[in-house]
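Computed from the coordinates by the stated procedures, all read-outs in this text should not be read as laboratory data. Small disclaimer: the values here were computed from a predicted structure and weren't measured. Virtual Cβ from ideal backbone geometry, glycine too; neighbours counted across all protein chains shown.
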Amino acid sequence: MLGIENAQRLAELRAAVRLYQSRYGDLAGMIDLAKANSAMSSRQYRLDKLAAEHQRIKSEMASLEAEVERIERWVEFCLEDVIARAKADHAEAWSPTPVLGYRLWAVGDDGLHGVKMIWPSRSLTATCLSRGGDQEIPHTDGRCGRLGCGIYVAKTVGPLYTEFDVSSIGNLALGLVALAGKVVEHDDGYRGAEATVVALGASFGEHLLLTSDPEKLDDVFDDPTLILKERTVETEGERLLEMEMFVEEEARRATPWTLETNNE
Ligand SMILES: [Zn+2]
């Protein structure tokens, strides 16, 4: 497109040519001028057509962009819906705050023995024997056994005392365990990716340790014979009862900040 100055200049020149034509009739160079005029108007015509098309494309793009924005919100809603339904169907939650449950250990000189292994410390990260470590532990697709991987904790103490023949285990520890990361809920308990013992009742012979002191917990997982420095409680039944009452009381104390998690 010509600038305004150019257009002005051309208009002045055209007026001058018309003046000379009216004054002198046929002028030399008019054929070349006609060719140039025609070349310009054919280009101008194409330019106008393209400009109109450009305008049409621009407005079509703008309306498509607006539609894409609306559809993005719809897609976002669908994605969140799928995730929410999957979590609800599989009773799974990523817990920003810990989910609490109970576990038993057999107490030995060498450490606190879980069902499958000695716990090297009061904190444990789950691995999957069949599929190795990944972000999805504990698995929920049934490929790593009926119960599946992850660290299992019971919702209440009672079933643990009946499920395991506690008198045959001998020295026993009962812990309140906080699960973090991915947590899968079952009827009687939870499976989690990360577990930390936050309170422990542990017997060694007639000695009984009850503690929720993090340092003391670290020490006893490191060396269970420290329990032998604790007070004695005469019968096994009394020791079990004291452990149960202690960890349940610790769980109640922590309940205000775990309720939110359980409601998720
Ligand atoms: Zn697994």
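Could you work out how much longer the chain between residue 121 and residue 90 gets when fully extended? Use 0.36 nm per residue separation minus the Cα distance between them, nm to one decimal.
8.1 nm
On full extension of the chain, what length is gained from residue 83 through residue 43, given 0.36 nm per residue of separation minus the C-alpha to C-alpha distance?
Working it through step by step, the gained length comes to 8.6 nm.
Can you give the FRET efficiency for residue 57 and residue 134, using 1/(1 + (r/R0)^6), R0 = 41 Å, r = Cβ-Cβ distance, to the nearest 0.05?
Efficiency for this residue pair is about 0.30.
Show me the ranking of peptides 158-170, 187-199 by mean Cβ neighbours inside 10 Å, starting with the highest.
On the way: 158-170: 12.8, 187-199: 21.7.
The densest-packed peptide leads the list: 187-199, 158-170.
From the phi of every residue in the stretch 99-113, what ³J(HN,Hα) in whole Hz does the Karplus formula 6.51 cos²θ - 1.76 cosθ + 1.60 yield, where θ is phi - 60° and glycine or proline is x?
9, 9, x, 10, 9, 10, 9, 8, 8, x, 4, 8, x, 9, 8
Pull out the extension gain between residue 50 and residue 33, defined as 0.36 nm times the separation in residues minus the alpha carbon to alpha carbon distance; nm, one decimal.
In short, 3.5 nm is gained.
I need the peptides 242-255, 113-126 ranked by packing, meaning the mean over residues of other C-beta atoms within 10 angstrom, with the highest value on top. Spell out each step's value before the answer.
Working: 242-255: 17.1, 113-126: 14.9.
Averaged packing, sorted descending, gives the order 242-255, 113-126.
For the chain, what is the calculated [θ] at 222 nm in deg cm²/dmol (nearest 500), taking -39500 (n - 2.57) for each run of four or more DSSP H residues and dividing by its residue count?
The helix contribution divided over the chain gives -16500 deg cm²/dmol.
Give me, ordered by chain and number, the residues 5 or more places off residue 100 or on other chains with an amide H under 5 Å from its own placed amide H.
Residues meeting the criterion, in which the H sits 1.01 Å from N, are 179.
Who wins for biggest fluctuation among 82, 68, 153 in a Gaussian network model of the chain, springs between alpha carbons below 10 Å?
68
Let's test the formula: R0 of 35 Å, r as the Cβ-Cβ distance of residue 143 and residue 167. What FRET efficiency results, to the nearest 0.05? Show your work: numbers first, answer last.
Values: r = 36 Å, r/R0 = 1.04.
E between residue 143 and residue 167, to the nearest 0.05, is 0.45.
Springs between alpha-carbon atoms under 10 Å, Gaussian network over the chain: tell me which of 60, 72, 230 tops the mean-square fluctuations.
Comparing 60, 72, 230 in a Gaussian network model of the chain, the most mobile one is 60.
Show me, for the stretch 59-69, the HN-Hα J-couplings you get by feeding each phi into the Karplus relation (A = 6.51, B = -1.76, C = 1.60, θ = phi - 60°), rounded to Hz, glycine and proline as x.
Taking θ as phi minus 60°, the curve returns 6, 5, 4, 4, 6, 5, 4, 5, 5, 4, 4 Hz for the stretch 59-69.
Could you run the Debye sum over the Cα atoms of the stretch 4-86, one equal point scatterer each and no solvent, and tell me log10 of I(q)/I(0) at q = 0.13, 0.23 Å⁻¹, two decimals?
Once normalised to I(0) and log-transformed, intensities are -0.69, -1.10.
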